[in-house]
Amino acid sequence: MISGLRASAHATSLNTLARDVRDHAPQILEAALARLSVRNRTVAARILIVQFVDRCAVSCASGNWDFTSAWAAAAADRYAEIIDVYEVIGAALESVADALALSVDSPLDRAFTSVRADLASAAARPRAVSGATVVEAVDEIDIVLDSLLTQLDQSDVLTAEHSRAVASWCSRLAKRLGLEKAEIVHLTRAGLIHDIGKVMTPTAILTAPRRLDEEEFVIMRRHAEAGAEIVHGVPLIAHFVPPVRNHHERFDGGGYPDRLKWEAIPRAARIVAVADAFNAMIGRRPYRPPMAPSLALEQLVLGRSTQFDPDVVDAMIDVVTCRG
Amino acid sequence: MDSALAAPVSLVVADEGYGKSTLIRDYLALRKIAHVRFTAGPEHALPSDLLRGIASAFGDIRPAMARSAAAASLKFGQIGAKGVARAWAREHLCDVDTVVVLDDLHHLMANAQCTDFITALIEESAPSVRWILALRDAAMFPVPRWLARDLVALPIEASELRVQPQEISAAFAAGGTLLTAAQAQLLYARTDGWPLGLTIALRSNDLDTITTRARVYDRVVDAALLRCSDAQRDRLFETAAAARFDKAFLAALECDAHFLEILVDSELIYALDGKSYAYFEPFRERLELRLEALPLKRHRRILDRSAAALERAGRWPEALALSVRAGDPQRVAALLDRVGFRALDRGETGAVGRALESLAEDVLMQHPTALGLKAALASIDEGYDVAEAWFNMAIQNARDGERRTLVLRYGLDLVRRGRPDVIELLEAETTRVESRANADGEAALWALLGTAYVAERRGENAREAASHALARLPGVHDPAVRARVLHQAAYVALDAGDYAAAKSLAERALARADEIFLYEVAARALSVLFNVAMLHEENVADARDALLRLEQAGRKAGNDALCLYAIVNAYSIEVDAGNLSALQRMNRELAEMQVLLTRMVSEGLLPAQALRAAWDGRFEHAYDMLAPGAEKMFDDDRIAYRWAEVAVYGAAAGKEPEARKAIALSRERVAGLDACHPLAVRATAYIALAEAMLGDDRAAAVSVAAARTSAAGLHRRVQSLVATVEAFLAFRAGGLESVVALAAQLDDLRRNDLGGVALLIGRLPLQPIAATALAAS
């Protein structure tokens, strides 16, 4: 209760009332802020309350409360994107009313009732323009994947470059296979981190300028499981475990690490497998020049139904050879 | 025709020889109606070729159509014929006022994509475009739908084109022969009122000439062949293979003076536009059949000669197609060597692709330029790794004289992919003797090397390389090279912070690129202008304008990456400005795109998304979006600013240690910058904001004072931001006047297109600030 103001409410002069409202604005401000939900206790709320109290004072002096209602509508346009403007103004209004301890059905009480009704009806109206639909074309998953890819970049630039290319092939394969947009996005992302386990592979093996020996191959092959563990450890991207873990499975069951066969291999992994193999053949490698794309396609065809899902191989041929 | 043309689409439907083309031509001439005419042929049976043919027909009315045809034709695989047509119509046919004649559309019947394309083109074009379609069967188009939508009046059909018995009598009478009613009726019955049959009967004055239509066509062709010498016969086949020709083309074929007379007298051809001629399709088809029946050697020689004449006339796609038909792979490869890249630059990807497909790999290996073309095609399709493999093989096998072109094409690919090894490739090329032979190649090489140095943060090398390129500019002949060199030099100047030079060079590049419809270079020049407007001039209106034009140019170039660049940066501007209606529209566009987190996206989109999240009070989310990639920004300016943003979001989210670390990292980078750089000033202002939220009032006051000093000579926008942060510091200290002052400053931010930042400041929480301030005190 703001006692000084309560006394003013009974004053005969409207101008005096207005001046007193202004004089007690700091107390009204604190009272109004205390009424607000935590979410709305913001810089904007403080500004709005102070401005409202000032408008109230003007209306008190003039007796014209339409002015205050109109101001509230303009304020809503300005701040509705960030706070509940009507909650804030409502809290300010009630704090002023409390302070004034209005007599029921007095002219000032009727004026406040009218402003309340105006605010309620304005709050119920849909806003003409709102950016409320927030689209995040890039989200936290992308950011986590990007961080992982940065780690891969630091381990071996060529592997990171290969991963980006595989992501691109996965995207095109997914489109060619007629998958939904969400699946295309999933596959593209899977392509980006399919080799993330290679951050655990010794650099000497990753960048060896020669073919690996048997022992090194064993170490290299661990990257699928290692990758799955990394991905599994980040809840946001745990759903990428299947393509990361199983992208080296063979369609005939002779792959690794789980020796899955045919449709038991997750579809995303079957798609990544083809994209990965094709790009590995045509990409730069320390120990050999890139293979001609036509020869790489021939290799895919040789592995059709044994190493690779035949449908995905066919799609890859279309992607590489068909032009629009 | 008058009543038919009252509707947007007029259909003239009749079998061959009824004079559809003649009717339309005569009508338009009689009424003096300006029009665009496209005559379909067998070479337009694929939608991409059809699109290019129509674009070419629009010629001077819409020159941009031809230049964008290549890019548009690449989209058929992605968005289908209807999608391409819709986009294309919106781009080019929304403000045209003309009549478009599409003749001989029966050539397209076999390919539903072609008819889909035309249907969508018609339905999406502006009402001011009137279409006249001449075809043999209307079933290929959705006539009932068009009728229901009042797009078409009832078609003009054969019954209206038939010559009636009394007209037959009158025509013979005009030639001095009186027919009996029975004779006229007999002729009508034999010809079914077929005007061409009547014409031939009139010419021969022999009613028995007319038997079946096919026989009549054969007789006309045979008669023409009989009038020709052996050499002239070959010329007849050569011109028929080319379908249309002009006098220069005849000269290239070394036709004698009477040859054209024979063609005209035989009525095998008709004048297209006073300068060129085309064969009536039924006659051309018959000549083609006879050509196919010739002995292989002669057949091949005729096609080769025709292809050579087409090449000289600059009709490279047709030359390539004929060369493929002739069946000599070495000649196809040689032709590709000569014209392939020029054809590709003109957007003839389909023709080049088909020619390449006709070559076996062993032939390709002998022709590095053809290999390079294969690589360039793969690159256009974003198959960069495939492109790289082909480019490497091409360059390894390149002969002196062709290596430079291949290296430049490959280098451009590598630069765009941010590959550091491009520098080694290009530097080695600058030392090759070949490089001094050609100003075009040399300027292009140095300019490209300049941009490669920029990517590797070797500014001094970049400036030197750009200077080498510009020094060679006066000797450059190819306007495309000139435009590209200017753009690349502008890019280097922008990186060097020489904004005046960057702007001037980019404007010159844009002007050159616009002149020759080089949309991709135009878009890149506009990206430089956008950066100058935004970073240096802080002129949001100019920046918006540049981005709008950039997006349009990107679409015309068919380059999704450029479009994304424009959209992402426009989104960033509108979030900064707090422009909700623009954001609503862009949300829809972004929702449809698949956006990968590239550096460009990280620099443009992430901060916008973070700011947008901050309006909802999701400060931690904003922090999480920006903090992981802050050190990966392109240069120190951006890194400094990014850490400052991270500090603000961290402080607002109550992540005090993280915010303090971000402040320290931002300060570290700011220390190495020109204090008056707009991003350095903004970073310092944001540091002050973060410090204030953390309760470090004294540090905040020092920071904002430094920002104020540095902003003195800068634009109003930066000054407004600094003044707002100052007002925020006062606001925190309390007092109603400070609230009013901050409100006024937030309004000032809105006026300076920083309404989004005003929303951020408005959304900052009161409670944590007060609590932290209390703890600090």
Looking at A:ILE230, is it more than 14 Å from chain B (Cβ to nearest Cβ), out of contact with any strand residue (DSSP E or B) (no Cβ under 9 Å at 6 or more places or on another chain) and farther than 30 Å from B:PHE76 by Cβ?
yes
If you scan the range B:230-275, which residues turn out to be outside any helix (DSSP H, G or I), of a type in the set (Gly, Ala, Ser) and touching a helix residue (DSSP H, G or I) at 6+ places or on another chain (Cβ under 8 Å)?
B:ALA243, B:SER266
In the range A:289-320, what count of residues is obtained for those that are away from every other protein chain (no Cβ under 14 Å) and assigned to a loop (DSSP other than H, G, I, E, B)?
5
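Every residue, every condition in (1) within 14 Å of chain A (Cβ to nearest Cβ); (2) under 30 Å from B:PHE237 (Cβ atoms); (3) not hydrophobic (A, V, I, L, M, F, W, C), yes or no:
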site	(1), (2), (3)
B:PRO329	no, yes, yes
B:ARG338	no, yes, yes
B:GLU357	yes, yes, yes
B:ASP362	yes, no, yes
B:PRO368	yes, no, yes
B:LYS374	yes, no, yes
B:ALA398	no, no, no
B:VAL415	no, no, no
Selected residue (criterion: nearest to B:ASP560 (Cα to Cα)) from residues of the range B:395-442 that are acidic (Asp, Glu) and part of a helix (DSSP H, G or I):
B:ASP413
Within the bounds of the range B:630-637, is there any residue that is in contact with a His (Cβ under 8 Å, 6 or more places away or on another chain), under 30 Å from B:ARG458 (Cβ atoms) and modelled with pLDDT under 95?
yes
Would it be correct to say that B:LEU359 is assigned to a loop (DSSP other than H, G, I, E, B) and either surrounded by 20 or more Cβ atoms within 10 Å (Cβ to Cβ) or at pLDDT 85 or above (or both)?
yes
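Conditions tested, residue by residue: (1) at pLDDT below 90; (2) under 18 Å from B:ASP753 (Cα atoms).
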{"position": "B:GLU507", "(1), (2)": "no, no"}
{"position": "B:ALA511", "(1), (2)": "no, no"}
{"position": "B:LEU529", "(1), (2)": "no, no"}
{"position": "B:VAL540", "(1), (2)": "no, yes"}
{"position": "B:ARG555", "(1), (2)": "yes, no"}
{"position": "B:ASN559", "(1), (2)": "yes, no"}
{"position": "B:ASN569", "(1), (2)": "no, yes"}
If the requirement is being assigned to a helix (DSSP H, G or I) and without any contact (Cβ under 8 Å) to a residue 60 or more places away in the chain, which of these qualifies: B:ALA321, B:ALA333, B:ALA309?
B:ALA333
Test of understanding: among B:GLU574, B:GLU551, B:GLU538, which residue is in contact with a helix residue (DSSP H, G or I) (Cβ under 7 Å, 6 or more places away or on another chain), within 11 Å of chain A (Cβ to nearest Cβ) and touching a residue at least 12 places away in the same chain (Cβ under 8 Å)?
B:GLU574
Out of B:LEU377, B:LEU445, I need the residue that is outside any loop (DSSP other than H, G, I, E, B), within 27 Å of B:GLY497 (Cα to Cα) and in contact with a Leu (Cβ under 9 Å, 6 or more places away or on another chain). Which one?
B:LEU445
B:GLY80 fails exactly one of the following numbered conditions: (1) within 14 Å of chain A (Cβ to nearest Cβ); (2) surrounded by 22 or more Cβ atoms within 10 Å (Cβ to Cβ). What is the number of that condition?
(2)
In the set B:ALA465, B:ALA502, B:ALA452, B:ALA480, the lone residue that is in contact (Cβ under 8 Å) with a residue 12 or more places away in the chain and out of contact with any helix residue (DSSP H, G or I) (no Cβ under 6 Å at 6 or more places or on another chain) is B:ALA480
Name the helices (runs of 4 or more DSSP H) wholly within the range B:1-112 that hold at least 2 residues that are over 27 Å from B:ARG549 (Cβ atoms) and without any contact (Cβ under 8 Å) to a residue 24 or more places away in the chain?
B:20-30
Just wondering, is there one or more residues in the range B:90-111 that are surrounded by fewer than 24 Cβ atoms within 10 Å (Cβ to Cβ), farther than 21 Å from B:ARG315 by Cα, within 14 Å of chain A (Cβ to nearest Cβ) and over 18 Å from the mean Cα position of the chain (by Cα)?
yes
Taking the range B:581-605, which residues are touching a Lys or Arg at 6+ places or on another chain (Cβ under 9 Å) and either crowded, with 23+ Cβ neighbours inside 10 Å or within 8 Å of chain A (Cβ to nearest Cβ) (or both)?
B:LEU583, B:GLN594, B:LEU596, B:SER602
If you scan the range A:147-191, which residues turn out to be closer than 21 Å to B:ASP624 by Cβ and at the interface with chain B (Cβ under 8 Å from one of its Cβ atoms)?
A:SER147, A:THR150, A:VAL185
Only one residue in A:ALA190, A:ALA204 is crowded, with 19+ Cβ neighbours inside 10 Å and not in a loop (DSSP other than H, G, I, E, B). Which one?
A:ALA190
Residues in the range B:539-562 that are over 11 Å from the mean Cα position of the chain (by Cα) and surrounded by fewer than 22 Cβ atoms within 10 Å (Cβ to Cβ) total 9
B:GLY617 passes all but one of (1) over 21 Å from B:ALA543 (Cβ atoms); (2) crowded, with 18+ Cβ neighbours inside 10 Å; (3) more than 10 Å from chain A (Cβ to nearest Cβ); which number fails?
(3)
Selection over the range A:71-117 where residues are surrounded by fewer than 19 Cβ atoms within 10 Å (Cβ to Cβ) and within 16 Å of B:LEU759 (Cα to Cα) yields a count of 4
Please identify the pairs in which a residue from the range B:724-748 that is without any contact (Cβ under 8 Å) to a residue 60 or more places away in the chain and facing chain A (nearest Cβ under 9 Å) has its Cβ atom under 9 Å from the Cβ atom of a residue that is hydroxyl-bearing (Ser, Thr, Tyr) and buried (at least 23 other Cβ atoms within 10 Å of the Cβ), counting only partners at least 6 apart or on another chain.
B:LEU742/B:THR724; B:LEU746/B:THR724
Just name the residue that is farthest from B:THR98 (Cα to Cα) out of those in the range B:28-56 that are surrounded by fewer than 18 Cβ atoms within 10 Å (Cβ to Cβ) and more than 32 Å from the chain's Cα centre (by Cα).
B:LEU30
Filter the range B:549-562 down to residues that are assigned to a helix (DSSP H, G or I) and within 17 Å of B:PHE517 (Cα to Cα), then give me how many there are.
9
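The values are calculated or read from the model by the stated rules, or taken from the named source; none is laboratory data. Remember, predicted model here, so these are calculated numbers, not experimental data. We place every Cβ from the backbone using ideal geometry, glycine too, and count neighbours over all the protein chains shown.
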